[in-house]
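The values are calculated or read from the model by the stated rules, or taken from the named source; none is laboratory data. Small disclaimer: the values here were computed from a predicted structure and weren't measured. Every residue, glycine among them, receives a Cβ derived from its backbone with ideal geometry; neighbour counts consider all protein chains shown. SASA here: full protein model, heavy atoms, side chains in, ligands and nucleic acids out. Shrake-Rupley method; radii C 1.70, N 1.55, O 1.52, S 1.80 Å.
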Amino acid sequence: MIDPPVPLVSVAEESPTGPAGPPRVPAPVGRFAVLATVFVCAACGLVYELELVALASYLRGDSVTQASVVLSVMVFAMGTGSLLAKRLRVRAALAFGVVEALLALVGGASAMALYACFAWYGDTRLVIVGFSLAIGVLIGAEVPLLMTLIQRVRRQDAGGAVADLFAADYVGALVGGLAFPFLLLPRFGQLLGALLTGAVNVVVGGALVLWVFRRDLSPRERGTLITANGLVLLLLASGAVLIEPFEGAARRAVYGPDVRVAVHTDVQEVVITGGAGAGSAGAPLALYLDGELRVSARDEFRYHEALVHPAMTGPHARVLVLGGGDGLALREVLRYPGVRTVTVVELDGEVVGLARTDPGLSRLNQRAFADPRVRVVRADAFGWLRERGRPGGPSPGGQPGGGYDVVLSDLPDPGLTASTKLYSQEFYGLVRRVMRPDARLAVHAGPLGGRPRAYWTVDATVRSVGLRTVPYGVVGRPARDSERPGGGQRGAGPSGDWGFVLAARDRPKLRLPAARPALRSLTPRALRAAHRQAERRHRPGAPPSTLMHPRYGTG
């Protein structure tokens, strides 16, 4: 037998003219409207949350830390907002309308505000925390107010009302969580996606109050709420109209006046400044990925010569390049006439497209991708290596029993969270399986001087799969402040140093090939000095990094 519903303690809702009357729509319609609003508000709230996490990770790096900060601050703020909303329940309809207008404005404008702070002031830590607190408080105030409103439509037991509200809330959160990465981000981008979410938020919240709970508001309050919602929509629409000039001004503030290519790929933001077609004559080409300088034409040859040429000592007919979508490591490989095939595995195919077609970048890489010996595979390096290592899978090198003589790991800095798996024990185990018995592996291991702990962790991780290593590093030209909006070149830090690890099954000999092309910076003497300097900085005892226990940090 089902027990009768237990009525909740009533909450006196006073309008300026006396007790609030019943809603102006039938109870089933009003109940559906409230639950639909819960659904939409939950979806919008989760989009704001994910937007903050994505922006914090993009602007500050280390996505695990940024996600932890944003989520923990928002959850705390949501609890605070729920407590503050207790005092607003006597005027739940009006309070909910005001909360939704504020939430739509703050959440919708958050992406533009954060990007503006990053572009013109550089530091976004306090701003990220501030927006997390404000959005969290407003989201937390929604549920108590909606609980009061759904009881105004039709009285029911507390357990049933909570179950209905949270069911709609969780389903809405699911839809918002899926819409952000699969619809809003790829189709509209971070800025317009946030503005559109704010517009949906204010329209739905205002419609519920002004339609279902219209009788709870005085004529003056209705007019004020309509004006406020209209103003919020106008501000959000103005932001949408101004996105293109805003992004252009922000890019110029970040990258300088010579920006000539700026695209958002499926993987990252790609910006090219200087080089062919630059607004300032003579400005050198610079390539930025997600705000971090990856290539500077002033001294990229120091990095690429050090990565490639020590590994080319010995057989080098078949070469595998992991990463390297800019084609600059490939350029150095192709200078050896003994190279028969080169496979480039790059996740971002649009970077390869720019390396082929952009006048400045293709000139810098000497049109390496046009060489018939080159095969490009658009894939995640980890997944691609895993497929090659499976029994019955495609054979390494493209031929039965084949393998690679040289493997070059030209990947982003190991301190970046997204790159951690590409510097793991599991990853190097997969690399080892596609190497021929006498093959060499060269790894970009991050700045030797700037982040020695991470560098020696890479060295320990490579050794943990049965390879023997030789460390070395080179120092480039110190990057100018204008060239480091998001960090040093290839994670090098302010000193401009790059660390490398040369590995093989037997201890490799760190030397340059006898029959080598002319090099601009690297000499046998400089290479020996680089090894001695690295050995002097040796930090023994570093544990290997694994997928389940990543050991790379920002320090």
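Summary of values
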item	result
Assigned charges on the beta-carbon of Lys, Arg, Asp, Glu; segment 146-259 dipole about Cα centre (debye)	400
Cα gyration tensor shape for segment 137-259, rounded if a/c is under 1.5, else prolate or oblate	oblate
Placed amide H near residue 261: partners under 5 Å, 5+ positions off or other chain	272
Rough spin-label spacing in nm, given labels placed 7 Å along Cα→Cβ, for residue 523 and residue 340	3.6
Taking the C-alpha atoms of segment 271-389, convex hull volume expressed per residue in Å³	108
Unit charges on C-beta of K, R, D, E only; dipole of the chain, Debye	1980
Residues whose placed amide H lies under 5 Å from that of residue 445, excluding near-sequence neighbours	499, 500, 501
Segment 83-183: chymotrypsin sites (Phe, Trp or Tyr not before Pro) in DSSP loop, at most 12 other beta carbons within 10 Å	121
Rough spin-label spacing in nm, given labels placed 7 Å along Cα→Cβ, for residue 203 and residue 220	3.1
The chain: relative contact order as a whole-number percent, Cα under 8 Å and 6+ apart	13
Under the Karplus curve 6.51 cos²θ - 1.76 cosθ + 1.60, θ = phi - 60°, whole-Hz ³J(HN,Hα) for segment 170-178, x wherever Gly or Pro sits	5, 5, x, 4, 4, 5, x, x, 7
Nonlocal amide H pairs with residue 377, under 5 Å, H built at 1.01 Å	344, 345, 346
Counting DSSP beta bridges with both ends in the chain, the antiparallel % (nearest 5)	60
Per-selection metrics, segment 252-331 (Cα): Rg and Dmax in Å	14.9, 47
Portion, in percent, of the accessible area of segment 15-164 that falls on carbon or sulfur, probe 1.4 Å	71
Calculated FRET efficiency for the pair residue 379/residue 227, C-beta based, R₀ 60 Å, to 0.05	0.65
Theoretical FRET efficiency, 1/(1+(r/R0)^6), r = Cβ-Cβ of residue 516 and residue 86, R0 45 Å, to 0.05	0.05
Extension gain (nm, one decimal) between residue 238 and residue 549, 0.36 nm per residue minus Cα-Cα	107.3 nm
Size-normalised alpha-carbon gyration radius of the chain, reference 2.2 N^0.38 Å	1.19
Phi-based couplings in Hz for segment 525-530 (Karplus 6.51, -1.76, 1.60; Gly and Pro marked x)	5, 5, 5, 5, 5, 5
Which of 427, 313, 85, positive extreme of dipole for the chain (C-beta unit charges)	313
Per-selection Kirkwood Rh - segment 160-231 (Cα, Å, 1 d.p.)	14.4
Charge dipole (debye, nearest 20) of segment 333-379; +1 at Cβ of Lys and Arg, -1 at Cβ of Asp and Glu	280
Per residue accessible area of segment 149-263, 1.4 Å probe, in Å²	48
